[in-house]
1. List the residues whose amide H sits under 5 Å from the amide H of HIS55, counting only those 5 or more places along or on another chain, with H placed 1.01 Å from N in the peptide plane.
2. Going by amide H atoms built from the backbone, whose H comes under 5 Å of the H on VAL175, apart from near neighbours?
3. Of the residues ILE161, ILE35, ILE240, which exhibits the maximal mean-square fluctuation in a Gaussian network model of the chain defined by a 10 Å Cα contact cut-off?
4. Along the range 210-215, what does the Karplus equation 6.51 cos²θ - 1.76 cosθ + 1.60 (θ = phi - 60°) give for ³J(HN,Hα), rounded to whole Hz, x for Gly and Pro?
5. Give me, ordered by chain and number, the residues 5 or more places off TYR182 or on other chains with an amide H under 5 Å from its own placed amide H.
6. Among the lysines, which have Cα under 30 Å from the Cα of LYS212 when same-chain residues fewer than 8 positions away are ignored?
7. For the chain, with every protein chain kept in place, what is the accessible area per residue (1.4 Å probe, Å²)?
8. May I ask you to give the percent of accessible area on the range 130-250 that is carbon plus sulfur, with a probe radius of 1.4 Å?
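The values are calculated or read from the model by the stated rules, or taken from the named source; none is laboratory data. Worth saying up front: this structure is predicted, and the values here are computed from it rather than measured. Ligands, DNA and RNA are stripped out before the accessible areas are found, and what is left, the full protein with its side chains, is counted by its heavy atoms. Shrake-Rupley method; radii C 1.70, N 1.55, O 1.52, S 1.80 Å.
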Amino acid sequence: MQRFNSKTVLITGGTNGIGYATAEEFIIRGAKVIITGRKHDTVNNAIKKLGRNAHGIISDAGNIQDIMQLATEVKKYADSIDVLFVNAGYGKFAAIEDTDEELFDELFNMLVKGTYFTVQQILPLINKQSSIILNTSFVTKFGMPNFSIYTAAKSAVGSFIKSFAAECTDKQIRVNGISPGYIQTNIFNNTGLNAEEIDSTIKNVIPTLPYKRFGLPKEIASTVLFLASKESSYIHGAEIAVDGGLSITK
């Protein structure tokens, strides 16, 4: 249970959902975890629940100034990092004719620019024999109405897995990714849908899923821990689908 004892993990977007569940699992297994979040209260609440081995940083993945200060903030809690899980992000969806430049820039700044420069800034702190794990999405495997910008942004993140892996091989840092399916998180909260519309959307989606349920954040967290562990020491440049088989049924 203590296989990550003495390890330090940085998780962006760690205040809820997948990020929080992953932080929880790493701490259970002995790690010290640093999480980021956009809001002071959500970061503080998460740290209180996670306990004494958790530390928090207020940092917005869509704000380049915050990202450029991230390494400085991390150094307040750790001299080096053993696992970087770039998880921060959310989805917004619109038809082609309803998409404006503001929405385009918001998603690309957060998911693409945010991912790239987070890795760039933290890379000097990452130890040899360590791991970088990126969060992509099942949506990159097929076309979905109203998902064009989100899918394009996540596809760019998917491309980083292989290019970062190629560049980090000599640094002895493994780079991999996870591709979650529909997971029980607050992903719909930023879509502009009200509670009734979100509930209706979920009810309509569930029958289309192979296992007729959303995945649990802990099921994604388990895969992240595997990719960060010695058990995956020969996995490099890979993207693992954790979507209950959804991507092979479309």
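1. For HIS55, the qualifying residues are VAL33, ILE34, ILE35.
2. When sequence neighbours closer than 5 places are left aside, the close amide H contacts are ILE132, GLY237.
3. ILE240
4. Result, rounded to whole Hz: x, 9, 6, 7, 6, x.
5. HN-HN under 5 Å from TYR182: GLY215.
6. List returned: LYS92, LYS141, LYS154, LYS203, LYS250.
7. Numbers: 12330 Å² over 250 residues.
On a per-residue basis, the chain sits at 49 Å².
8. The computed percentage sits at 56.
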